[in-house]
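Comments concern the structure below.
The values are calculated or read from the model by the stated rules, or taken from the named source; none is laboratory data. Everything numeric in this text was worked out from a predicted model, so none of it was measured. Glycine gets a Cβ as well: all are built from the backbone with ideal geometry, and neighbour counts include every protein chain shown.
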Amino acid sequence: MRQPVTTIDIRRDLVGLLPRLRRFAIALTGDTASADELVQTVCQRAVAKSHQWNGEGRLESWVYTLARQLWNEDGRKRRARTAAPKGNVTDIREAARERATVTDTDLIHHMLAEMPEGLASIFLLTVVEGHSYEQTADIMGIPATGVSAQLAAARLHFASLADDFHHRY
């Protein structure tokens, strides 16, 4: 049986999105193992539901939205497996200071993972990936007015963590 052209195109395009999708998944999950599982599940769902993507807009935004939805759907299971919640900013800084030395790439991933839930994703989508506030709002499922406030908080938090890590290392 021959596959529809859309499925083949989505599979090809997903390969090109993998590095950015993985970065987004790391921002959502906070660790690479969970991020890799999420990326695999997202890719499977994207191919299975490729008929739902109408070709309008950016495939990247549609895939990021799938990732966020899957992550939110899996929330109860995730919370049950997680022994300790992320905590407040002070707890996050303390935990970050206790970490062993890491490579620069690991350092960036840790800094993103240590941000409060949601802030890292918004920071990554707008600052790193270059999405507009409206696109980010659509992907994250929040009002567009909330993106600028959360982005400002994310930038402040990222800057404070960067300063802490810079002084430590």
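Values as computed for the structure displayed
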| read-out | value |
| --- | --- |
| Residue in region 81-97 that is more than 27 Å from Ala152 (Cα to Cα), surrounded by 12 or more Cβ atoms within 10 Å (Cβ to Cβ) and either at pLDDT below 80 or under 19 Å from the mean Cα position of the chain (by Cα) (or both) present | no |
| Qualifying residue in region 44-62 (condition: among the acidic types (Asp, Glu), within 19 Å of Ala113 (Cα to Cα), assigned to a helix (DSSP H, G or I) and outside the structural domain of Phe123 (by TED's automatic domain parsing)) | no |
| Contacts under 7 angstrom Cβ, first residue in region 137-159 being within 14 Å of Leu124 (Cβ to Cβ), partner aliphatic (A, V, I, L, M) and not in a helix (DSSP H, G or I), 6 or more apart | Ala154/Met115; His157/Met115; Phe158/Met115 |
| Leading residue by the ranking (modelled with the highest pLDDT) among those in region 125-163 that are loosely packed, with under 13 Cβ neighbours inside 10 Å and in a helix (DSSP H, G or I) | Glu134 |
| Top-ranked residue of region 101-124 - restricted to ones that are modelled with pLDDT of 75 or more and outside any loop (DSSP other than H, G, I, E, B), ranked as surrounded by the most Cβ atoms within 10 Å (Cβ to Cβ) | Ile122 |
| Qualifying residues in region 20-77 (those that are out of contact with any Gly (no Cβ under 9 Å at 6 or more places or on another chain), among the basic types (Lys, Arg) and in contact (Cβ under 8 Å) with a residue 40 or more places away in the chain) - the one surrounded by the most Cβ atoms within 10 Å (Cβ to Cβ) | Arg23 |
